[in-house]
Structure formats: C-alpha cells, structure tokens
1. Please go through the stretch 139-151 and pick out each residue that is within 11 Å of L194 (Cβ to Cβ) and open to solvent by 10 Å² or more (accessible area, probe 1.4 Å).
2. Among the residues of the stretch 247-265 satisfying the criterion of being under 14 Å from A229 (Cα atoms) and open to solvent by less than 70 Å² (accessible area, probe 1.4 Å), which is farthest from the chain's Cα centre (by Cα)?
3. Anything in the stretch 139-161 that is at positive phi and in contact with a Cys (Cβ under 8 Å, 6 or more places away or on another chain)? List them, or say none.
4. Return the total of residues in the stretch 91-124 being at negative phi and of a type in the set (G, A, S).
5. Write out, first by first residue and then by second, each pair whose Cβ atoms fall under 7 Å of each other, whose residues are 6+ apart or on separate chains, and whose first residue, in the stretch 224-244, is under 12 Å from H273 (Cβ atoms) and surrounded by 12 or more Cβ atoms within 10 Å (Cβ to Cβ) while the second is of a type in the set (S, T, N, Q) and modelled with pLDDT under 90.
6. Could you check the stretch 196-211 and list, in sequence order, the residues that are hydrophobic (A, V, I, L, M, F, W, C), under 11 Å from V97 (Cα atoms) and out of contact with any Ser or Thr (no Cβ under 8 Å at 6 or more places or on another chain)?
7. Kindly establish whether S171 is among the hydroxyl-bearing types (S, T, Y), in contact with a strand residue (DSSP E or B) (Cβ under 7 Å, 6 or more places away or on another chain) and surrounded by fewer than 19 Cβ atoms within 10 Å (Cβ to Cβ).
8. Given the residues P156, P91, which is the only one that is at pLDDT 95 or above and buried (at least 23 other Cβ atoms within 10 Å of the Cβ)?
Amino acid sequence: MVHDISNDHLSVEKVGEIIYSGMCIRLSEKTVERVVKCREYLDNKIKEEERPVYGITTGFGSLCNVSIEKDKLAALQRNLVMSHACGTGEPVPRDIVKIILLLKIQSLSYGYSGITLETLQRLVDFYNNDICPVIYQQGSLGASGDLAPLAHLSLPLLGLGEVYLNGEKISGEEMNRRFGWKPIELQSKEGLALLNGTQFMGGYAVWSLLNACRLSDWSDKIAALSIDAYDGCLSPFVESVHRVRPHKGQLVTAQAVYGYLQGSEIIVQPKEHVQDPYSFR
C-alpha cells in the first residue's frame, strides 16, 4: 500500500494508519508541481531582489544585518543545520522519529517553504527505507520551534549525524555509501525550511494520542470480557441511559462495551443479582 503525499488534511488516525500498517509514501504530481513552482519563485526572487531577505541573504539572529554573498548562500544553510544540532539526552524512540519524519514531509509538501524537490524526495527515501535519524529528546525551544531536534533529523541529508537502519546505528556517511547516495547540497533557505517547525512536539503528541486511543480501546474490551465472565448486566450500557448526561467519551465507551457483548449467551441469561459490583458499573 502507498500513501500519496498531498495537501489534504492529515488526521491523527491517518498518521497511525500510515505508520503502523507499514505503508510507503510518495509525492503526488500536484505536490511535485507546488514544490517546484515555489522553488522557482524563490530563486527568481533572490536574483531580482536587491533588499536583504532575512535568513536567505542575511545571517541569523544578531547577524540579521550582515549580508551574505550569493556564492555562500548554500554554505550558510549547511552551517545553520550543523550549528543547531546540539540536542542531548536519550534518543527519541524510532516509531516517534517515523512520525516526525512523516509530519516534516507533509509540512514541506504544501509548497510554501522553498525546499527543493531533491531534498524533499530524499526525506521520502529515508521514510520508505525505514531510515530513522538519531534525534535526542532534549533541546527543543518549545513555542519557538523544534530547531535542535529537526537539525538532527536533517544532518543525514548532508551525510552527517547518525541513523538507525535495520536495528543498527550507522553514520550518515555510511548510510550514503550503502544506498549509493550523494550528500544533499542545501540551497538558499533550505536549512530554514528544515529546521523551522514543530514536528518534534507534534510527533510526540500524535504518538501519545494514538497510544491513548489504543489503551482506551483495550480498556473497553477488558471491561466487556470481565462483565461477561462475571455474568454481569447489559442494561447499564444502553445508549439512552448515557444520553442523559451527555458526555461524548462516556457515550463512545458505553456503545463499545454494549457492542462487544452482543451475541454473548451469558449476558442475556436471567440474573440472580440486582446489579453488578460498583467496580464494573
């Protein structure tokens, strides 16, 4: 199965489906057109614009008034990625890295960042070959962006940093050797496009929500099984009872338990007790 990267909304549920069903991804034709069009616009803008453009023809932060010569714009972006790769702590679990990578690809695919098609396609190649850049858990600036984590995500594009491949940690250089790739030479603004964003915290949030939903589903199934084993009552889970509140989560859980118990010979037999223990109710 293949998921086409487009500008369609990517829901939490869809991310879970893509990640945990082992789908490959590819850039849709319209995505390719958007990315190429944006890059062409940016290249033309740099040629025509005499005024400095922050982070593209100038330095960063306190160096915003320092103009960068056109033949050094690529080096500026490479240096940006390397300078911000200063995360620390334990490595981010690989399934979360996959989510972060997918979210980064999705973000860049809208065609507003100035990323080149070559760089974006290499990130897709990372995803499809189960290459997980080594990212560290500490270093994000929070609301100001996940600069350090995303720098570590981007290092292997340059043949730097480390990745996990088939359960083995190898260098970005060794990764390129095994796949016959050349390091990406970042063009103007690409470092900014790669580092700006909140895909690190977004990846953790999506992973947490997916696991919370999974735990909730397991809880409903365990509850239904326990009620059946105890010879419990089905009436407390009738939908009309819960619409009195109404709390959406309560309704969903009641419907789930009620549904799981349908077809049970135990649940429909006459009960000797008036109601179930409070732990079940």
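The values are calculated or read from the model by the stated rules, or taken from the named source; none is laboratory data. Everything numeric here is computed off the predicted structure, so don't read it as measured data. For neighbour counting, all protein chains shown are included, and Cβ atoms are generated from backbone atoms with ideal geometry for every residue, glycine included. When the accessible area is computed, the model is the full protein with side chains, heavy atoms only, and any ligands, DNA or RNA have been set aside. Shrake-Rupley method; radii C 1.70, N 1.55, O 1.52, S 1.80 Å.
1. Correct list: L147 only.
2. Once the filter is applied, the top-ranked residue is S264.
3. Within the stretch 139-161, the subset at positive phi is 139, 142, 145, 159, 161.
The one that is at positive phi and in contact with a Cys (Cβ under 8 Å, 6 or more places away or on another chain): G139.
4. 3
5. C233/Q275
6. W207
7. Taking the combined requirement at face value, the residue satisfies it.
8. Sole residue among the options that is at pLDDT 95 or above and buried (at least 23 other Cβ atoms within 10 Å of the Cβ): P156.
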